[in-house]
1. Please determine whether any residue of segment 91-103 is within 24 Å of residue 22 (Cα to Cα), within 16 Å of the ligand (Cβ to nearest atom), touching a residue at least 12 places away in the same chain (Cβ under 8 Å) and not hydrophobic (A, V, I, L, M, F, W, C).
2. Which of the following residues is among the aliphatic types (A, V, I, L, M) and loosely packed, with under 15 Cβ neighbours inside 10 Å: 132, 137, 105?
3. Here is a list: 108, 119, 126. Which entry is more than 18 Å from residue 3 (Cβ to Cβ), β-branched (Val, Ile, Thr) and in a helix (DSSP H, G or I)?
4. Hey, residue 145 hits all of (1) more than 13 Å from residue 39 (Cβ to Cβ); (2) part of a helix (DSSP H, G or I); (3) within 11 Å of the ligand (Cβ to nearest atom) but one; which does it fall short on?
5. Among 25, 29, 15, which is the only one that is over 18 Å from residue 75 (Cβ atoms) and within 13 Å of the ligand (Cβ to nearest atom)?
6. Of all residues in segment 1-50 being touching a Phe, Trp or Tyr at 6+ places or on another chain (Cβ under 6 Å) and assigned to a helix (DSSP H, G or I), which is most open to solvent (accessible area, probe 1.4 Å)?
7. Conditions first: (1) open to solvent by 20 Å² or more (accessible area, probe 1.4 Å); (2) within 16 Å of the ligand (Cβ to nearest atom). Residue 66 passes all but one, so which condition is the exception?
8. Tell me, please, whether a residue that is surrounded by 15 or more Cβ atoms within 10 Å (Cβ to Cβ), charged (D, E, K, R) and in contact with a helix residue (DSSP H, G or I) (Cβ under 7 Å, 6 or more places away or on another chain) can be found in segment 141-152.
Amino acid sequence: MFHRPDYVFESVADIPAGFFEKENISALILDLDNTLTTHNNPVPDPKRLEWFNKAKSSGLKMIIVSNNHPERVEPFAKYLGLDFVPDGKKPLPRGYNEACRRLGIPKTGIAAVGDQIFTDVMGCKTAGIRSIFVFPIEPETGFWFRVKRTLERPLLPKRPKKGSDK
Ligand SMILES: [Mg+2]
């Protein structure tokens, strides 16, 4: 099913140590807004930054693919020391494909994490990589975002039971 992620977590910070190795995922494509930090926030949320540092030191390869513009994505990616693909146009496969090419490993070893069904999850399906869904850090206030979130609601996976505070 095009809207069904392969894995669901409350947030990236809830992806346990050892998960990637267990699932044979050696590279992870990261969404930015509402996955690593809130919209327009230039720095990662502290809890997610701690998770990121652990994942990085475990040897997980990471890259950012965002639908947002280079002016937003570049400083954030640089802060984390990551390569990035801005204007990713998810759910079209192009941005993900470019990231996979740069990661230089087969798609079977790559997953992508994000907070939206219509962009992140469906993008994974079109690109043929595994999808990890996380719930958005905070609700968006813009009109189109609220429309998207309303349409997305019936497709959302069940929230994991043991959630964490944001
Ligand atoms: Mg997002």
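1. Yes, some residue in segment 91-103 is within 24 Å of residue 22 (Cα to Cα), within 16 Å of the ligand (Cβ to nearest atom), touching a residue at least 12 places away in the same chain (Cβ under 8 Å) and not hydrophobic (A, V, I, L, M, F, W, C).
2. Numbers: 132 fails: loosely packed, with under 15 Cβ neighbours inside 10 Å; 137 fails: loosely packed, with under 15 Cβ neighbours inside 10 Å.
One residue alone meets the criteria, 105.
3. 108 is the lone residue from the list that is more than 18 Å from residue 3 (Cβ to Cβ), β-branched (Val, Ile, Thr) and in a helix (DSSP H, G or I).
4. Of (1) more than 13 Å from residue 39 (Cβ to Cβ); (2) part of a helix (DSSP H, G or I); (3) within 11 Å of the ligand (Cβ to nearest atom), only one is false for residue 145: (1).
5. On the way: 25 fails: within 13 Å of the ligand (Cβ to nearest atom); 15 fails: within 13 Å of the ligand (Cβ to nearest atom).
Answer to the check: 29.
6. Among them, the one singled out is 13.
7. Single failed check for residue 66: (1).
8. Of segment 141-152, the ones surrounded by 15 or more Cβ atoms within 10 Å (Cβ to Cβ) are 145, 148-149, 152.
This time we only want the ones that are charged (D, E, K, R), so: 148-149, 152.
Applying the additional criterion that residues be in contact with a helix residue (DSSP H, G or I) (Cβ under 7 Å, 6 or more places away or on another chain) yields 148, 152.
Yes.
The values are calculated or read from the model by the stated rules, or taken from the named source; none is laboratory data. Remember, predicted model here, so these are calculated numbers, not experimental data. FYI the Cβ positions are ideal-geometry reconstructions off the backbone, even for glycines, and counts take in every protein chain you see. Note: accessible area is taken over every heavy atom of the protein model, side chains too, but ligands, DNA and RNA are not part of it. Shrake-Rupley method; radii C 1.70, N 1.55, O 1.52, S 1.80 Å.
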